[in-house]
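Everything on this sheet refers to the single structure shown next.
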């Protein structure tokens, strides 16, 4: 009862990340672990994922824009009509190259 939702999430994330630092795995699946975090702690979480991504591939499920900003690829699932899901994938590096002429 003494910790907030964000503090509990940070504690759990710290434990998982420390285990990955001791014994890296090929990938790590994180399902909305950033949901209870405020913006400052989401930035810290995102920076840690970025730093650790050279040894571990991260698959992060998130609705948080700050977390999405660190991704090299984004995959979205939408449902425009009842019962029909659609997957939209974006490779960020390719998207930057495609939009560069429009930004100049």
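We did not get these values from a lab; they are worked out from the coordinates using the rules stated. Being a predicted model, the structure only gives us computed values, none of them experimental. Note that we place each Cβ from the backbone using ideal geometry, even for glycine, and neighbour counts take in every protein chain shown.
In segment 58-104, the convex hull through the Cα atoms has an average projected area of 4.5 nm², a quarter of its surface area. Each peptide in 60-73, 91-104 receives the mean, over its residues, of other Cβ atoms within 10 Å, and ordering these scores from highest gives 60-73, 91-104.
Relative to the present Cα-Cα distance, how much length would full extension add between residue 52 and residue 65 at 0.36 nm per residue of separation?
Working: separation 13, 0.36 × 13 = 4.68 nm, distance 1.96 nm.
Full extension of this stretch gives 2.7 nm more.
Taking only Cα atoms and a 10 Å spring cutoff, compute GNM fluctuations for the chain and point out the largest among 59, 77, 33. Between 59, 77, 33, it is 77 that shows the largest mean-square fluctuation.
Rounded to the nearest 10 degrees, the inclination of helix 39-52 to the longest alpha-carbon principal axis of the chain is 80 degrees. For the chain, the alpha carbon positions stretch 48, 36, 28 Å along the principal axes, listed from largest to smallest.
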